[in-house]
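Heads up: the structure comes next, in structure tokens.
What follows is calculated from the coordinates using simple rules that are stated; it is not laboratory data. Worth saying up front: this structure is predicted, and the values here are computed from it rather than measured. A quick note on method: Cβ atoms are made from the backbone with ideal geometry, for glycine too, and the neighbour counts reach across all protein chains shown.
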Ligand SMILES: NC(=O)c1ccc[n+]([C@@H]2O[C@H](COP(=O)([O-])OP(=O)(O)OC[C@H]3O[C@@H](n4cnc5c(N)ncnc54)[C@H](O)[C@@H]3O)[C@@H](O)[C@H]2O)c1
């Protein structure tokens, strides 16, 4: 066999960096590839090996693909050292922004044709091997980003690696990738962090706002729990694409504040209530919210045709096994649950399970759950 990446040959993969992404790569490839792992943190390495993500590298074997799953600023050094030691035929990384890393790698390595970047658009707000999952990349996009010198062989090997991990392979230039993730990943991260940072301002009244916090603030700030150090690195390496988006967002927010101020002043009688100004302010506010509705509607849902999903709400006591019970009852009735969310009610020993099911299945789901004794909430 001359081409070791031919699809009938077991891929040999060297994962450097057994953190969230590296360990998830190893777990996803379990039984599909021969994986060795390295990490500067012995504890991470032992955890990843213990979870079955691969073997600790013995210092001698070579691989078909070397995957640098380390923070972006370390990628060039790690890949160039691995190439110097001839650890693999093809070298890739998973950095959240691609252009800068690709250019740095190309300027450091002796053979840039063996390097092809890639980015799995899957992750978590937690890091380390403990947070890894075999299904992290399942059906998620993995953008393969060949540089101008990347060989077809290197590109194909990275495409295969991503596909073996269960991801949907998309190819793009590093530049186009970075422009896209600036909008769908980097801007949302900053926006979520900025909203969550406001929660530190505490209560100015007798009511602690956190007591009435619901799914809105939970959903909007979920990714704000991410590792700040990793994100500074990510944002910095894609700053050129992120800056204009952040400015556009702040312009929108400033406009919204001005419009609200005008409305509040008019309502409080502080300013002569000029009907035209009030109307203009209302329109500006409504315009932003309407653009939000339109933008949100452009986001792809889990799968085509799933736009008609409806929510079935079930109130459950805060006890182990409740979610499994609800899902089992839905499955027994042949109801296909598209998605599931759990809302914990602050200060109450109950939670709300939201099952997202197709419109046509709502009645059957409600009836089946109620007849098996579940407390189905009337959401009408
Ligand atoms: N976290 C996400 O959601 C996400 C998603 C897609 C891509 N990425 C990218 O994946 C990469 C890793 O991120 P992560 O979330 O897995 O981080 P992580 O902190 O969970 O893992 C990084 C690992 O690299 C190890 N490491 C550091 N220096 C090393 C070196 N010189 N040699 C070997 N190992 C070394 C660390 O000990 C750690 O185990 C980054 O490039 C990031 O941009 C992250």
**Complete:** Measuring from the longest principal axis of the C-alpha atoms of the chain, the long axis of helix 75-84 (C-alpha) lies at a number of degrees, nearest 10, equal to 10
**Complete:** In this structure, the FRET efficiency calculated for residue 151 and residue 30 from their beta-carbon separation, with R0 = 25 Å, to the nearest 0.05, is 0.30
**Asked** Given a Förster radius of 41 Å and the C-beta distance between residue 331 and residue 270 as r, what FRET efficiency does 1/(1 + (r/R0)^6) yield to the nearest 0.05?
**Response** 0.10
**Message:** Just to verify a number: FRET efficiency for residue 206 and residue 183, C-beta to C-beta distance, R0 = 56 Å, to 0.05?
**Reply:** 0.85
**Potential lengthening between residue 103 and residue 315 on full extension [0.36 nm per residue; Cα-Cα distance subtracted]** = 71.0 nm
**Request:** For each of 8, 208, count neighbouring Cβ atoms within 10 Å of the residue's Cβ, then give the residues from fewest to most.
**Result:** 8, 208
**Asked** Can you pull the semi-axes for the range 97-203, root of five times each eigenvalue of the Cα gyration tensor, sorted largest first, whole Å?
**Response** 30, 18, 12
**Request:** Can you give me the P(r) profile for the range 69-121? Cα pairs, bins 10 angstrom wide beginning at 0, each as a whole percent.
**Result:** 28, 62, 10
**Asked** Taking Cα atoms, how many degrees apart are the long axis of helix 152-164 and the longest axis of the chain, rounded to 10 and kept between 0 and 90?
**Response** 50
**Item:** Ratio of Rg to Rh over the chain (Cα coordinates, Kirkwood Rh, two decimals)
**Value:** 1.04
**Request:** Could you work out how far the C-alpha centroid of the range 236-283 sits from that of the range 205-226, in angstrom?
**Result:** 23
**Request:** For each of 119, 310, 241, 14, count neighbouring Cβ atoms within 10 Å of the residue's Cβ, then give the residues from fewest to most.
**Result:** 310, 241, 14, 119
**Request:** Report the full-extension gain for the segment residue 225 to residue 343: residue separation times 0.36 nm, less the Cα-Cα distance, to one decimal in nm.
**Result:** 40.7 nm
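Work out how much length residue 62 to residue 250 would gain on full extension: take 0.36 nm times their residue separation and subtract the Cα-Cα distance, in nm to one decimal.
Going from the current span to full extension adds 62.7 nm.
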**Message:** Let me check against my output: what whole-number percent is the relative contact order of the range 32-132, with C-alpha pairs under 8 Å and at least 6 apart?
**Reply:** 24
**Request:** Quick one: angle between helix 362-371 and the longest Cα principal axis of the chain, in degrees between 0 and 90, rounded to 10, please.
**Result:** 80
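Can I get the semi-axes of the range 85-158's equivalent ellipsoid? Compute them from the C-alpha gyration tensor as square roots of 5 times the eigenvalues, in angstrom, largest first.
24, 13, 12
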